[in-house]
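Structure record follows, encoded as structure tokens.
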Amino acid sequence: MGVQKTEVEATSTVPAEKLYAGLLLDIDTILPKAFPQAIKSSEIIEGDGGVGTVKLVTLGEASQFNTMKQRIDAIDKDALTYSYSIIGGDILLDIIESIVNHFTIVPTPDGGSIVKNTTIYNTIGDAVIPEENIKDATEKAGLIFKAVEAYLLAN
């Protein structure tokens with residue numbers, strides 16, 4: 001299995017706890033309001049919303065893909081960390097075994113926050129994901145972040 005990794009940081013004026021809740025814990029409720037083109041639906045197919053929960057996400061017209069299956073791997077509300085893996089769907093391009101996302105939200109002295117995201121692409125065999133695909137995924141994640149941030153600032 002091959003591994004490709006990206007690390008991204010973004011600053012926000014949204015307080016850390018509010019951003020953690022909106023961007024990670026309540027994303028299935030917030031995202032359709034903040035960026036309706038991102039997802040059509042999100043359905044829990046296994047679990048209770050906590051660690052181990054598996055969701056089937058139907059993507060919207062902002063994506064070239066149709067579906068992804070996500071599994072929540074870790075939630076630590078005290079440390080403001082959250083991890084999930086994409087374990088299925090056409091978003092995996094038949095060359096990716098899983099995409100693991102680790103988030104940490106860090107409070108800043110000015111009352112805002114820093115979002116740290118590490119994404120690990122686990123490919124099948126020695127497959128390599130083209131850099132333009134990773135760049136595109138990172139840019140789309142940035143658009144989602146900005147949309148959720150704007151929604152949280154307004155509400």
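The values are calculated or read from the model by the stated rules, or taken from the named source; none is laboratory data. The model shown is predicted, which means the values in this text are computed figures rather than measured ones. Here the Cβ is made from the backbone with ideal geometry for all residues, glycine too, and neighbour counts use every protein chain on show. Areas reflect the complete protein model, heavy atoms only, side chains present, ligands, DNA and RNA absent. Shrake-Rupley method; radii C 1.70, N 1.55, O 1.52, S 1.80 Å.
Among the candidates ILE114, ILE134, ILE120, single out the residue that is in contact (Cβ under 8 Å) with a residue 40 or more places away in the chain, assigned to a helix (DSSP H, G or I), more than 19 Å from LEU31 (Cα to Cα) and of a type in the set (A, V, I, L, M).
Result of the check over ILE114, ILE134, ILE120: ILE134.
Hey, could you check the stretch 60-73 for residues that are part of a strand (DSSP E or B) and more than 19 Å from ASN117 (Cβ to Cβ) and say which is farthest from the chain's Cα centre (by Cα)?
Of everything passing the filter in the stretch 60-73, THR67 is farthest from the chain's Cα centre (by Cα).
Got a number for residues in the stretch 12-57 being at pLDDT 95 or above, in a strand (DSSP E or B) and in contact with a Ser or Thr (Cβ under 7 Å, 6 or more places away or on another chain)?
Residues meeting the conditions: 6.
Can you pull out every residue in the stretch 91-118 that is open to solvent by 30 Å² or more (accessible area, probe 1.4 Å) and polar (S, T, N, Q)?
Answer for the stretch 91-118, where residues must be open to solvent by 30 Å² or more (accessible area, probe 1.4 Å) and polar (S, T, N, Q): THR104, THR108, THR118.
Quick check on the stretch 22-30. Is at least one of its residues touching a Lys or Arg at 6+ places or on another chain (Cβ under 6 Å) and surrounded by fewer than 16 Cβ atoms within 10 Å (Cβ to Cβ)?
No, that holds for no residue.
Which residues, counting only those in the stretch 73-88, are under 19 Å from SER41 (Cβ atoms) and crowded, with 19+ Cβ neighbours inside 10 Å?
Within the stretch 73-88, TYR84, ILE86 qualify.
Give LYS40, LYS5, LYS55, LYS18 a once-over and let me know the one that is within 14 Å of the chain's Cα centre (by Cα) and basic (Lys, Arg).
Of the residues listed, the single one that is within 14 Å of the chain's Cα centre (by Cα) and basic (Lys, Arg) is LYS55.
Condition first: open to solvent by 50 Å² or more (accessible area, probe 1.4 Å), of a type in the set (A, V, I, L, M) and touching a strand residue (DSSP E or B) at 6+ places or on another chain (Cβ under 9 Å). Now tell me which residues in the stretch 119-152 satisfy that.
Passing the criteria: ILE124, VAL128, ALA141.
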